[in-house]
Structures are given as C-alpha cells and as structure tokens.
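Following: one structure in structure tokens, then a few remarks.
The values are calculated or read from the model by the stated rules, or taken from the named source; none is laboratory data. Just so you know, these numbers come straight off a predicted model, no measurement behind them. Note that we place each Cβ from the backbone using ideal geometry, even for glycine, and neighbour counts take in every protein chain shown.
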C-alpha cells in the first residue's frame with residue numbers, strides 16, 4: 001500500500017477481502033492446536049492460507065491495473081515468482097494433507113520461511129524513484 005498513489009472502491013474492496021481471510025487464521029490455528037494437527041484441520045488451514053494468497057494477488061493486480069503497467073508496484077513485483085510459488089506450494093500442501101498432515105505442515109512452514117526473508121523490491125523502486 002506504500003506505493004499506491006490513488007485509491008478507488010475496487011482497491012478498498014480487495015483490501016477488505018484480504019483482511020477477511022487473514023482474520024480467519026487465528027481460528028484455524030487454534031483449531032489445529034486443539035486437535036493436535038489432525039488432517040481436517042491441516043486441510044482447512046491450508047485452504048485459508050490459499051485464500052489469503054489469492055486475495056493478496058487479487059489486491060496486487062487491482063492496484064497495478066489502477067496505477068498502470070509503469071507503476072512503482074508493477075516494476076517492483078515484476079513476474080511475482082514468490083507469489084506464484086506460494087500459491088503452488090499451498091495447493092500441493094492441501095493435497096498432501098489428505099495423506100500425511102506432517103508433509104503439509106512442512107510445506108506451510110517452508111512458505112512462511114520464504115516470506116520471512118525481507119522482500120526489498122518495493123523499497124528499491126521507491127529509493128530509485130526518489131533519487132531521480
């Protein structure tokens with residue numbers, strides 16, 4: 001949101017959509033803990049994470065379409081390999097949860113570690129813009 005110069009209704013709705021899915025994470029996390037990482041809870045956790053990722057990509061695409069292809073966010077995101085990888089890993093983890101919940105847990109952990117590494121693409125673009 002740091003790179004957005006103008007906001008419209010679509011961006012606000014997409015942001016609310018993302019916030020809704022993010023608000024369900026504590027519920028599913030608690031459910032997993034209460035049921036000791038049972039298969040059904042791991043599947044539901046993966047679905048919520050997948051919907052969060054889809055909502056994030058949707059918000060990102062709406063911002064880019066609003067700001068234009070030459071916008072700061074568009075340049076910073078590029079092909080968004082990190083986002084596409086996350087979506088794919090969440091899908092794999094959901095399918096794995098039907099067979100072995102620990103494999104899906106390892107995949108969820110892997111995605112979290114991928115996003116834990118700071119992503120400096122937007123900051124680099126902002127600094128490049130400010131230095132001009």
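Of all residues in region 28-70, those that are outside any helix (DSSP H, G or I), within 30 Å of residue 10 (Cα to Cα) and in contact (Cβ under 8 Å) with a residue 24 or more places away in the chain total 0.
Residue 79 fulfils the conditions (1) out of contact with any helix residue (DSSP H, G or I) (no Cβ under 6 Å at 6 or more places or on another chain); (2) under 18 Å from residue 115 (Cα atoms); (3) at pLDDT 95 or above except for a single criterion, (3). No other residue among 104, 74 is surrounded by 17 or more Cβ atoms within 10 Å (Cβ to Cβ), modelled with pLDDT under 90 and part of a helix (DSSP H, G or I) apart from 74.
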